[in-house]
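See below for the structure under consideration.
Values in this text are rule-based calculations from the coordinates and carry no lab data. Nothing here was measured: the structure is a model prediction, and the numbers come from that model. We place every Cβ from the backbone using ideal geometry, glycine too, and count neighbours over all the protein chains shown.
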Amino acid sequence: MDRTALRLDPGVALRPEPFGALAYHYGTRRLVFLKHPDVVRVVEGLDGSTPTSEVLESCGIPADRQPAIERALDALVRSGIVSEVAA
Amino acid sequence: MTALVDQLSRGLMAPICLTWELTYACNLDCVHCLSSSGRRDPRELSTAEAIALVDELRGLGVFYVNIGGGEPMIRRDFFTIVEHATSNGVGVKFSTNGTFIDEAAAKRIASMDYLDVQISIDGLDPDTNDAVRGTGTHETALRAARRLAAAGMRDFKLSVVVTRHNVDQLDGLLALADSLGAQLRVTRLRPSGRGAQSWDDLHPTDAQQRVIHRWLLDHGDRVLTGDSFFHLNALGESLPGLNMCGAGRVVCLVDPVGDVYACPFVIHEQFKAGNTRDQGGFTAVWRESTLFADLREPGSAGACASCGAYDVCRGGCMAAKFFTGLPLDGPDPECVGGEGERALAIAGPRPVSDVDHSRRPRPITPVPVVLVTK
């Protein structure tokens, strides 16, 4: 199945930190660590309409790194930091 | 040490978990009060200063503050400060003894977004609780909890300091929280503030530490702990959460007069990093204080260096060591490997904080008076 587009959940704030960023969901009070600057760049690039593969390309993520970033995004979807938007 | 804990130990642009004690005034006189509260301090931050601090924290990207005291609801501007914070993206979790939660306050609290409340209760029955918190406080806490539940507040917290006398009530306390639609929070007793005098009598026994560890492993997914029991990881399986001392690294305390300490459990000159009224405000204290810079340096394991458990217990709690007279680079006084008891037997004098707002002053050494007759 083709992925729907992703976006940072509207209830989430990001704070840049030396290791990446902190993400806090004001609704669920959940605090999540984005442990790599690449993940932060991709999350900031999600706009709710561009397909994830294109966001990864535009962020300059090399092909061999893309599966790891996609796994990180899956985990962020499960924790509610990133949400799926129906196309 | 995980890469994340390693990174966090070097400090962050702003704290993750900032405790802000709004006032030293308190209507109670709990024997384990971390901040030796009782009387208001005349130098406490004004409403305008408190609002300005919230704005500064918002600019730093602090997601939420943990408000405590003293009893924070004693401040007449309590809701003014809280509403300013929550309407500007700084969530509030506040800790109260419940005395001032009448029906109107309960409705107001329940109606606010980004506001969490925890009611302190230290025993399942009045005898256990009131021995620590004072006569009638069990009923007061329960009444406040029932009012919050009736007002539709969901997932408020019942907050329990685990002592020798309530370890065997943990199941009952969890059931009590469930019955109120609340969440149970349990934290570790520290020998800080008035706790310095009560810790020897109240802290869990070695056998009870094992019970707590097992209980948290079995119930940790439903119970909050503030990640305060990481010294128990030396028993084997690690507890959920960030297993590290966050003092000055991811955590700090702002006290009612604006003094910034490394954590809520070390209100003592030695751990004071600065004051929010100083040039540069809180931001400069967090980013530039030499105390915090030192805490963010990789620490030595000291006497724990040869212990196989050090990687998971990290030597335990700095505050617990400090206020029991133990070296900071040695075992925690409640070390489950038995090193704590050995260390306590030869511990130095216990440091006493000169920050004490207890209504009953500590007994002082009598000064002999010599009457001279002419």
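Brief remarks on what is shown
- For the range A:18-47, taking the residues that are more than 14 Å from every other protein chain (Cβ to nearest Cβ) and surrounded by 14 or more Cβ atoms within 10 Å (Cβ to Cβ), the one that is nearest to the chain's Cα centre (by Cα) is identified as A:43.
- Listed by first and then second residue, the pairs linking a residue in the range B:39-63 that is touching a residue at least 60 places away in the same chain (Cβ under 8 Å) to a residue that is surrounded by fewer than 16 Cβ atoms within 10 Å (Cβ to Cβ) and assigned to a helix (DSSP H, G or I), with Cβ atoms under 7 Å apart and 6 or more places separating them unless they lie on different chains, are B:56/B:283; B:60/B:283.
- Test: residue B:130 is within 21 Å of residue B:195 (Cα to Cα), touching a Lys or Arg at 6+ places or on another chain (Cβ under 8 Å) and surrounded by 16 or more Cβ atoms within 10 Å (Cβ to Cβ): no
- Residue list for the range A:12-26, restricted to those being touching a residue at least 40 places away in the same chain (Cβ under 8 Å) and not β-branched (Val, Ile, Thr): A:23, A:25
- Residue A:85 out of contact with any Lys or Arg (no Cβ under 7 Å at 6 or more places or on another chain) and among the aliphatic types (A, V, I, L, M): no
- When B:26, B:30 are screened for being in contact with a helix residue (DSSP H, G or I) (Cβ under 6 Å, 6 or more places away or on another chain) and farther than 25 Å from residue B:291 by Cβ, only B:30 passes.
- In the range A:19-34 there is no residue matching the filter, namely being in a helix (DSSP H, G or I) and of a type outside the set (Asp, Glu).
- Residue A:50, sole failed condition from (1) assigned to a loop (DSSP other than H, G, I, E, B); (2) surrounded by 15 or more Cβ atoms within 10 Å (Cβ to Cβ); (3) within 14 Å of another protein chain (Cβ to nearest Cβ): (3)
- Meets criteria (touching a Lys or Arg at 6+ places or on another chain (Cβ under 6 Å) and more than 17 Å from residue B:30 (Cβ to Cβ)) for residue B:116: yes
- Residues of the range B:1-24 that turn out to be within 13 Å of chain A (Cβ to nearest Cβ), over 20 Å from residue A:24 (Cβ atoms) and among the aliphatic types (A, V, I, L, M), as a count: 1
- For the range B:156-213, the tally of residues that are among the aliphatic types (A, V, I, L, M), farther than 30 Å from residue B:108 by Cα and part of a loop (DSSP other than H, G, I, E, B) stands at 1.
- Of all the residues in the range B:327-361, those that are over 20 Å from the mean Cα position of the chain (by Cα) and either free of Cβ contacts under 8 Å to residues at least 60 places away in the same chain or on the phi > 0 side of the Ramachandran plot (or both) number 16.
- All positions within the range B:162-205 that are without any contact (Cβ under 8 Å) to a residue 24 or more places away in the chain and within 19 Å of residue B:144 (Cβ to Cβ): B:175, B:177, B:178, B:179
- In the range B:56-88, residue farthest from the other protein chains (Cβ to nearest Cβ) [restricted to those that are touching a Gly at 6+ places or on another chain (Cβ under 9 Å) and surrounded by fewer than 18 Cβ atoms within 10 Å (Cβ to Cβ)]: B:56
- Test: residue in the range A:1-17 that is assigned to a loop (DSSP other than H, G, I, E, B), away from chain B (no Cβ under 14 Å) and basic (Lys, Arg): yes
- Within the range B:184-238, considering residues that are surrounded by fewer than 19 Cβ atoms within 10 Å (Cβ to Cβ) and of a type in the set (Lys, Arg), the one farthest from residue B:315 (Cα to Cα): B:222
- Any hit, the range B:272-283, residues being part of a helix (DSSP H, G or I), β-branched (Val, Ile, Thr) and touching a helix residue (DSSP H, G or I) at 6+ places or on another chain (Cβ under 8 Å): yes
- Residue among A:50, A:28, A:4 that alone is touching an Asp or Glu at 6+ places or on another chain (Cβ under 6 Å) and over 18 Å from residue B:14 (Cα atoms): A:4
- Taking first residues from the range B:2-21 that are surrounded by fewer than 20 Cβ atoms within 10 Å (Cβ to Cβ) and partners that are part of a strand (DSSP E or B), the Cβ contacts under 9 Å between residues at least 6 apart in sequence or on separate chains come to B:4/A:33; B:7/A:17; B:7/A:20; B:7/A:33; B:13/A:15; B:13/A:16; B:13/A:17.
- Exclusive hit being out of contact with any Leu (no Cβ under 9 Å at 6 or more places or on another chain) and either exposed (fewer than 14 other Cβ atoms within 10 Å of the Cβ) or in contact (Cβ under 8 Å) with a residue 24 or more places away in the chain (or both), set B:287, B:277: B:287
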